Each structure stands twice: as C-alpha cells, then as structure tokens.
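Data block below; observations after.
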Amino acid sequence: MGTANRRVVQHRDDQTTVTVTRASAVVDPGSTDLFFSDYFGVEPDILARYGALDISVVADLPLFIDPFLIFQSERPEYQGLHRQVLEYLLFLRDKASAGLDPHQIANWYCFKEVKQNWLGFTAFGNRGSGLGMKFATSLHGAFGAGLSSFGEETITAGSHLEKLALIAPGVGRDNISDFTTNLIKDYLLEFTQRFALEHLHPDQRASFPVTRAAFDYVTESWQTRTYVLPLLEDDFVLLTPTDLLTRDDTWINHSDMVGRLTRLPAAIPDGQLRAQINNYLTKTLGTHPSRDEIKQASVRIINEFPELIDYYIKSREDSGDQAVAHSAARVSTTEDLLVHQVRSVIEGLIRETGFYSTVPSSYEEALSRVAMLKQFIEDKDGYRLINPGRDRRPSKEADVQLLFGLVWMGSRLDVNREVNNGRGPVDFKVSFGAADKGLVEFKLASNSQLKRNLQHQVGIYEKANDTRRSIKVIVYYTAAEQRKVEGILTDLNLSASESVVVIDARADNKPSASKAG
C-alpha cells in the first residue's frame, strides 16, 4: 500500500482558503498498487458488495456513466437522480430563451472533468479535457432550437439528456458521461464518503471542500460542500456505482439512431406522416442505401422530420431492459480483463524478471511494456476489449493506446502522449532525462497509409524528437489484415526487426484464456 507522510495541503475555493493537515499517501514508483483495492488494502469483494467499481489509480478505465441506466432503474435513489438531472436541464432550457453573456453560459454549462473517478479516455493518469465553451454553446443553442420543447415530450415515456447527442454535432459518450457525472456529483461524493467512513482507516481519508458539488436554484449558483473521501496523494478518489456504467456508447446515441433510421417510420402510428417520411427516405436514399449514404443524409432527414428522434428514443425505451443486461455484461468483461488480467500480467512480469529492480533505458522499458500489451491482448483475452467479434466494429487506435496506458504501471520513466514537435504528433514519447528518449507509434493494419508510415513517417518523428530509437506497434483484427502486414514487412525487410511489434487481435483464432485451463 502507498506510504503515508504528514503534510499541509491548502484548498482554495473562491475567497476562502481551507488548510488541513493530513496523511498524504505517496505512490512508490515501483509499486504494484494498481487499483483502488490494492492501494487502500480493501478486499475486492467488499467493493463488489458495496456496488462500486474497483477503479485503477494510475490510469483511466474506458468506462462511462450512461444516464439511461439511471432512467431505467427501479431504485428510488436513481429515480431521484433522474429527476435531479431533468430539473437542471429544464432550468437551462428556460434560460435559453434569454440572451446570456459568455460568462453566464460558462458558469451554467461548462464543467471540468471529474478526474477523480478515473474513468474515460486518458491513457496516462486521469486528466481529461472536460466540458468547455464548445460544448456549452452547443447545448445552449440546442435548448434555444431543437430542444426548446425538452421536458414536454408526448411520444417518449420520459425526457433524456442523451437527446442532446442526437441533435448537437460533436457530442459523444464522453461528453454525455461527463455532464451526467457533474450533475450527480453530490450523490457520487456521498456514495464515496459512506464507503470511506465504513471501510478505510482514518489516515487513508481526509476532508475535502469540493467545488460545484450541488446547485442552488434560489441563488442560481453552484455550491461548495465538504466531504470525507479516500486520499490519494494530494487529491481525493471518487467511487462510481458499477450499475451506472457502460463500456460501449450510451444506450441512446447518434450512431445507433442512424443505423435504425430506415426502420423508424414503421413505428409511427400516424399513417399519413409515416407515408410522407417513407416517401422522403426513398427519394433521398433510393431503395438500397449504404450505411455511409444514410449517415451523410441523416442530418438532412432528421431536420426535415424531427419526430424521428422521439420515435427512436421510444424504441430504445421499449427495449430498456436490454440496456441493463448489455451494460452489466460488458462492464463485467471489462473488470475481468482490465483488473484481474492486467494485474496477473504485471505480477507475473515482476515475479519472473524482477522488472522494477532496475531502471532500464527508455527504449528497453518501452519495448518491455509493448511486450506486456502483446501478451495481454494475445494470451489473456485482452483482444475482447478491442475486437468484440461480428456484432460490433473493432476499436480505433485511441482505444488500443488506452490499453497501453494501463500496462505502463509503476514506471519510473516519464511518458508523454501525443507529443507534437511541429511535424505532427507521435503517440508516445518515453524519456529518462534529456538524453534518453524513445518513441512508440501505434497503427492499425487497416490504415491505408501503413506502408508509407513505416517507410517515412516514424523517421520524421525521430528527427523531430532528437532520437533514433522508436518502436512501431501494428495491430491487426482479421486474417486478411494479418496477410497485409506480413506482406508489407517482407517488402520493407522489417520482418525480423525488434522495433516492429505486431499484435494479433483476431477474435477467430484463439481460445479464451479463461477456458484454457
């Protein structure tokens, strides 16, 4: 468990400075305390019985809060949370008709990411971008236009925050999850405080004043409240109920709506409207449109017939019980693979090689970490996180990079992501002092520029970062992609190169590690 030192920490909130003296848990660079249960010495079963996810305390886990799971739940406290979210959204809707200056928009719509829950897309650590002015102006504009009747729906059983993602461009699951997290932050803080008081030692927790914890509708301002929370270095940790989380996109999402667009009119009871929409779809798309054609035309069609949005939401409400089962299964798989299997890989590496006893060069450590990722994906069922099989598309490079962040635990070396030195960003730069630098670049085999990248691009990155040591990681999902990679490496005489690591993420050529004995 992390060591504890006495220190004084100041928290500044507006005009008030609160000073507390407490034990500050310091993470040992060579520590194997990778998850909350490790770091705080709590049995994982205690967290599971409490209903909380065993989060990583070194890198975000790729899970998100889905507000539909709050809406769908029969638990009274979750029904109360749903009403709480709607109350704030209705407040914003009513304010949208008035002209607001940018400062007021920022106050009511902008939120920092709640980084203390360790969920999201950050590969190293937990510092995301939050909800800035782009999100704020998009939401404010939507409430003044397409969401002006929000809260007064007659087709759906309820109102849904996710409707924003169907109307406003560029709003994805991370935005919806971050917004929901901020709107229910007081509940999550109370949830975590209760666990800390019941299960953690006094020197493992501290009192924190938390800004923007709850909204006061009388003063129309966000309040600061104080909570006793788990202590990680100079910050707190926030636990999240597992039954609010999803691994995939939110149950109601734009991509799914586009995929169902041509089938939605069948659910419209108004025969005249149904015929009108079907006629418009046929004229716009033809008889056998591709998914790309539907995607390109979807904005135009939905603007013409906004009722389709509510009928889509109703169809998702009608199958809402599937959302709960689907998310629970995906989160369980993620927990098994990212918590149990990652821990197994790292503990095995330490046991077999004494990995943390010395500090290797940046290149050597990066190569070892890539080898860990390869082992995790190929031999420990990790491929299931990025290549779920025939029912869903394989992951993009960003999700693979997120896994790389999770296997980079306990390192003494400095790791930076997306380093841009004027010639384009390289995925990761690993360094130990100014003179010892190495690069790691990820590519999917499906990338049409793969051969060109291996020939030229990494060399440009090396020159820009003043290093000649780089590792190229190539991930393939299918047999055809495997043949493509093998052909390219043969053509470039790179088949035997130590610095080119190929990872087999196919779902059709390996038994499950959990079944292999």
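The values are calculated or read from the model by the stated rules, or taken from the named source; none is laboratory data. These figures come from a predicted structure and were not determined experimentally. Note that we place each Cβ from the backbone using ideal geometry, even for glycine, and neighbour counts take in every protein chain shown. For accessibility, only protein heavy atoms count, side chains too; no ligands or nucleic acids. Shrake-Rupley method; radii C 1.70, N 1.55, O 1.52, S 1.80 Å.
Points worth noting:
- Within region 157-204, the residues that satisfy the criterion of being of a type in the set (G, A, S), in contact (Cβ under 8 Å) with a residue 40 or more places away in the chain and in a helix (DSSP H, G or I) are A165, S177.
- Within region 299-308, the residues that satisfy the criterion of being of a type outside the set (D, E, K, R) and either crowded, with 22+ Cβ neighbours inside 10 Å or farther than 12 Å from I167 by Cβ (or both) are I301, F305, L308.
- D321 being open to solvent by 70 Å² or more (accessible area, probe 1.4 Å), touching a residue at least 40 places away in the same chain (Cβ under 8 Å) and out of contact with any strand residue (DSSP E or B) (no Cβ under 9 Å at 6 or more places or on another chain): yes
- Considering (1) at negative phi; (2) in contact with a Phe, Trp or Tyr (Cβ under 9 Å, 6 or more places away or on another chain), the lone condition that R212 does not fulfil carries the number (1).
- Close Cβ contacts (under 9 Å, 6 or more residues apart or on different chains) running from residues in region 98-119 that are under 16 Å from F208 (Cβ atoms) to residues that are modelled with pLDDT of 75 or more and open to solvent by 50 Å² or more (accessible area, probe 1.4 Å) comprise K112/T211; K112/R212.
- Those residues of region 464-480 which are surrounded by fewer than 19 Cβ atoms within 10 Å (Cβ to Cβ) and modelled with pLDDT of 90 or more, in sequence order: T478, A479, A480
- V210 touching a residue at least 40 places away in the same chain (Cβ under 8 Å) and either within 25 Å of the chain's Cα centre (by Cα) or within 30 Å of Q116 (Cβ to Cβ) (or both): no
- Leading residue by the ranking (farthest from the chain's Cα centre (by Cα)) among those in region 40-68 that are surrounded by 23 or more Cβ atoms within 10 Å (Cβ to Cβ) and in a helix (DSSP H, G or I): F40
- For region 481-491, filtering for residues that are open to solvent by less than 40 Å² (accessible area, probe 1.4 Å) and out of contact with any strand residue (DSSP E or B) (no Cβ under 9 Å at 6 or more places or on another chain) leaves 1.
- Entirely in region 387-463, the strands (runs of 3 or more DSSP E) that have 1 or more residues that are open to solvent by 20 Å² or more (accessible area, probe 1.4 Å) and at pLDDT 70 or above: 425-431, 437-444
- Members of region 269-309 found to be of a type in the set (A, V, I, L, M) and within 30 Å of T180 (Cα to Cα), listed by number: I294, A297, V299, I301, I302, L308, I309
- Number of residues in region 69-86 that are part of a loop (DSSP other than H, G, I, E, B) and polar (S, T, N, Q) equals 1.
- Among the residues listed as G259, G286, G271, the single one being open to solvent by less than 40 Å² (accessible area, probe 1.4 Å), small (G, A, S) and within 23 Å of A325 (Cβ to Cβ): G259
- Selected residue [of a type in the set (S, T, N, Q) and under 23 Å from the mean Cα position of the chain (by Cα)] from T284, T242: T242
- Count of region 492-512 residues, restricted to those that are within 15 Å of F376 (Cα to Cα) and open to solvent by 30 Å² or more (accessible area, probe 1.4 Å), is 5.
- Residues in region 70-84 that are under 21 Å from the mean Cα position of the chain (by Cα) and open to solvent by less than 10 Å² (accessible area, probe 1.4 Å): I70 only.
- Tally, over region 205-247, of residues that are of a type outside the set (D, E, K, R), part of a loop (DSSP other than H, G, I, E, B) and more than 16 Å from A52 (Cα to Cα): 3
- Residues (more than 29 Å from P44 (Cα to Cα) and in contact with a helix residue (DSSP H, G or I) (Cβ under 8 Å, 6 or more places away or on another chain)) located in region 170-219: G170, V171, G172, N175, R212, A214, F215, Y217
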